[in-house]
Amino acid sequence: MAAIRRIGILTSGGDCAGLNAAIRAVVLRAEHYGWDVIGIRNGNAGLFARPVEHLKLDHRNASGLLLRLGGTILGTTNKGNPFAYPMPDGSLLDRSGEVLEGYRELGLDALIVVGGDGSLEIFRRLATQGDIPMVAIPKTIDNDIGLTEVAIGHATAVSTATEALDRLQPTAASHNRVMVLEVMGRDAGHIALSTGIAGGADVILIPEIPYRLAHVAAKIEAVRKEGRNFALIVVAEAVETEKGDKVLQAQSSGQQTTLGGIGHYIADRLAELTDAETRVTVLGHVQRGGQPSARDRIMASAFGVHAVDLIAAGRFDRMVAWGSREVTDIPIAQAIARPHVVDPQDTLVRTARGLGISFGDRAA
Ligand code: F6P
């Protein structure tokens, strides 16, 4: 393989806190090797554009400020799969050739993709087709990428959602209300589970554990009998109605449906079943933006440095990962083969049950 002189980095999929910290780490480590770093703008959209949308990154524009900055300075997209690109007439076209042509225009020796499982699958396919030496960094607030305990963005999302519960509790107590907090996470309940534990929820509803409304109502009654005048419920956006229907928002984002609204369903049914006054907060994209937590900055930094070291070692088609208290790496194919959802036997599920938190699956 030719010597590395110039590498590219792009962020792809939904943004999250910590992406800029990863970009900074990549730039600083690459400069250590004497390489140029090119930031590709707007994920695959930047590679479709002509001229290709990019900028040169160095320690001047990747300073310490980036550590603290939410979002991604490179921009991102979760739309426009190049292998099935939605055309104005409704058809889907394979435009992967254009993206690869764009990549080649940049004269890069290797590419770092910071993305979730969907993006990593698409870019791995592109890398295979175009013979691109690629390394991946996992990011997603959902924390659903396989074989890594940590993905960038999850910790900040959990902190933000926990802060929301901290703010909901006093108003719930002041008004004798049941507060329902709906959080993101797509098909994984990790954000809801961690938030519910950290924020002292009475009920956590996640897609991995089917619930009965009667059990949730019984928990609310039990809380009342204990003499408490309020209750907190955290529900993950992919939780289905009792009949098994997903609750979707009217508009859809890119090529995936947009979840949202299950919190209102739960609150309305509970109001009927218990006479409780219920209110709903749908946290939405607040969980994605904002300053990254210390944990996300540290993970992003460790991942960025290791990703560059992988390139230096000529080890491609690998994703950096966190496990057993250290940064490591695994084949991308293995990481995306199976999403990491909550195992109902998970240690945190057991922790929650041990604290008396209900998942709505058992009588209170
Ligand atoms: O995957 C991250 C995520 O924030 C999910 O938790 C959520 O379902 C989805 O993205 C929202 O996507 P969009 O930004 O397109 O609304």
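Report whether or not ASP94 is farther than 20 Å from ASP36 by Cα, touching a Lys or Arg at 6+ places or on another chain (Cβ under 8 Å) and not assigned by TED's automatic domain parsing to the domain that holds LEU348. In short, no. Among the numbered conditions (1) assigned by TED's automatic domain parsing to the domain that holds LEU55; (2) β-branched (Val, Ile, Thr); (3) not in a helix (DSSP H, G or I), the only one that VAL99 does not meet is (3). Taken together, the residues in the stretch 123-147 that are within 15 Å of the ligand (Cβ to nearest atom) and of a type in the set (Ser, Thr, Tyr) amount to 1. Of the helices (runs of 4 or more DSSP H) lying entirely inside the stretch 282-364, those containing at least 1 residues that are within 16 Å of the ligand (Cβ to nearest atom) span 294-312, 332-337. The residues in the stretch 236-278 that are among the β-branched types (Val, Ile, Thr), assigned to a helix (DSSP H, G or I) and within 16 Å of the ligand (Cβ to nearest atom) can be counted, and the count is 1. Residues considered: GLY13, GLY70. Of these, the only one that is modelled with pLDDT of 95 or more, part of a loop (DSSP other than H, G, I, E, B), surrounded by 20 or more Cβ atoms within 10 Å (Cβ to Cβ) and within 16 Å of the ligand (Cβ to nearest atom) is GLY13. Restricting attention to the stretch 187-201, the residues that are assigned to a loop (DSSP other than H, G, I, E, B), within 14 Å of the ligand (Cβ to nearest atom) and crowded, with 24+ Cβ neighbours inside 10 Å add up to 2. Taking the conditions (1) touching a helix residue (DSSP H, G or I) at 6+ places or on another chain (Cβ under 6 Å); (2) not in a loop (DSSP other than H, G, I, E, B) in turn, LYS56 satisfies each one other than (1). If you filter the stretch 252-274 down to residues that are modelled with pLDDT under 95 and open to solvent by 50 Å² or more (accessible area, probe 1.4 Å), you find that the one that is farthest from ILE204 (Cα to Cα) is GLN255.
For the stretch 202-235, residues that are in a loop (DSSP other than H, G, I, E, B) and surrounded by fewer than 16 Cβ atoms within 10 Å (Cβ to Cβ) total 6.
The values are calculated or read from the model by the stated rules, or taken from the named source; none is laboratory data. None of these values were measured; they are calculated from a predicted model. A quick note on method: Cβ atoms are made from the backbone with ideal geometry, for glycine too, and the neighbour counts reach across all protein chains shown. Areas reflect the complete protein model, heavy atoms only, side chains present, ligands, DNA and RNA absent. Shrake-Rupley method; radii C 1.70, N 1.55, O 1.52, S 1.80 Å.
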